[in-house]
1. Filter the stretch 170-189 down to the residues that are more than 18 Å from the chain's Cα centre (by Cα) and open to solvent by less than 50 Å² (accessible area, probe 1.4 Å) and list them by number.
2. Would you call Asp65 open to solvent by less than 40 Å² (accessible area, probe 1.4 Å) and either over 15 Å from the mean Cα position of the chain (by Cα) or closer than 22 Å to Lys232 by Cα (or both)?
3. Given the criteria surrounded by fewer than 16 Cβ atoms within 10 Å (Cβ to Cβ), in contact (Cβ under 8 Å) with a residue 60 or more places away in the chain and in contact with a helix residue (DSSP H, G or I) (Cβ under 9 Å, 6 or more places away or on another chain), does Gly48 qualify?
4. Would you please list the contacts, defined by Cβ atoms under 7 Å and residues six or more apart or on different chains, that run from a residue in the stretch 169-191 that is basic (Lys, Arg) to a residue that is in a helix (DSSP H, G or I) and modelled with pLDDT under 95?
5. Checking Thr36 against (1) touching a Cys at 6+ places or on another chain (Cβ under 9 Å); (2) open to solvent by 40 Å² or more (accessible area, probe 1.4 Å); (3) assigned to a helix (DSSP H, G or I), only one condition comes out false. Which one?
6. Would it be correct to say that Arg84 is touching a Pro at 6+ places or on another chain (Cβ under 9 Å), closer than 17 Å to Gln170 by Cα and open to solvent by 10 Å² or more (accessible area, probe 1.4 Å)?
7. I'm trying to understand the selection: among the residues of the stretch 22-78, which are hydroxyl-bearing (Ser, Thr, Tyr) and on the phi > 0 side of the Ramachandran plot?
8. Taking the condition of being surrounded by fewer than 19 Cβ atoms within 10 Å (Cβ to Cβ), within 25 Å of Arg140 (Cα to Cα) and among the acidic types (Asp, Glu), how many residues in the stretch 4-33 meet it?
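The values are calculated or read from the model by the stated rules, or taken from the named source; none is laboratory data. Values in this document were obtained by computation on a predicted structure and should not be read as measured data. Note that we place each Cβ from the backbone using ideal geometry, even for glycine, and neighbour counts take in every protein chain shown. These accessible areas exclude ligands, DNA and RNA; they are computed on the full protein's heavy atoms, side chains included. Shrake-Rupley method; radii C 1.70, N 1.55, O 1.52, S 1.80 Å.
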Amino acid sequence: MTPADRRPRLCLLPGLDGTGRLYTPLLDAFRGAYDTEVLAYDSGRFSGYAALVEALEPALRWHTDTVLIAESFAGPLAVMLAHRNPRHVRAVVLAASFVSAPLPFSRACAEVLHRLPAMSLPMFALERVLAGGVLPPALRRELDAVLEAIPVEVLRQRALAALRVDVRGQLATLDLPLLHLQAGRDRLIAARAGHEIVRLARNAQQVVIDAPQFLFQLAPVAAADEIGRFLKRASILEGARHDS
């Protein structure tokens, strides 16, 4: 295989759901331009970000030209994986994500969530937070099916971990290209979380996309195009082609 034939290997890290099923719109938007792999998490239990790193590292070590793509909850996970595997990860893309304190008063929110019993939020509330309104019917059905399959306690533990995580130190040491896609209409994660990523990273770019928290699901073509442009600017793999 010549360098001109090589294509990026994109490893997609799912958000809070952990299944990767909600990545279908983005994968469709890539139109086969890249080799992709979704690294799903164990839906039956959650032991923290560090345990996820241990579980996913073997998938990275088979390749040396991996681009990590992470949304929301998975942003800190991508930073930890890149920090521990610098010879295997070439670049990182974060979308509507964070590296610490994703919400105002995150510590206080974590204490409240820790004391509450595990419970599911009503779909109308999730739609408002994640989509800024009503989800398209197909995406709503998929989200409903995903949430039905995952224990509420697992989702609660993941949310708690996200509220308490702090990988700013690891991010500051990364010497690789990083793209942050900011959701311009995000009602969940404050814009300052994206500003913090760009401020701390050594080689970061940020692009604002007019979308809610569900950026990859509701603006997949715009996201795919920005990822393609980022890969070309960073010369990750010169042979990659992406129509934009």
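1. Correct list: Ala172 only.
2. Here the answer is yes, as Asp65 does meet what is asked.
3. yes
4. Arg187/Val129
5. In the conditions (1) touching a Cys at 6+ places or on another chain (Cβ under 9 Å); (2) open to solvent by 40 Å² or more (accessible area, probe 1.4 Å); (3) assigned to a helix (DSSP H, G or I), Thr36 misses (3) alone.
6. For Arg84, the condition - touching a Pro at 6+ places or on another chain (Cβ under 9 Å), closer than 17 Å to Gln170 by Cα and open to solvent by 10 Å² or more (accessible area, probe 1.4 Å) - is not met.
7. Ser72
8. Summing the residues that are surrounded by fewer than 19 Cβ atoms within 10 Å (Cβ to Cβ), within 25 Å of Arg140 (Cα to Cα) and among the acidic types (Asp, Glu) in the stretch 4-33 gives 1.
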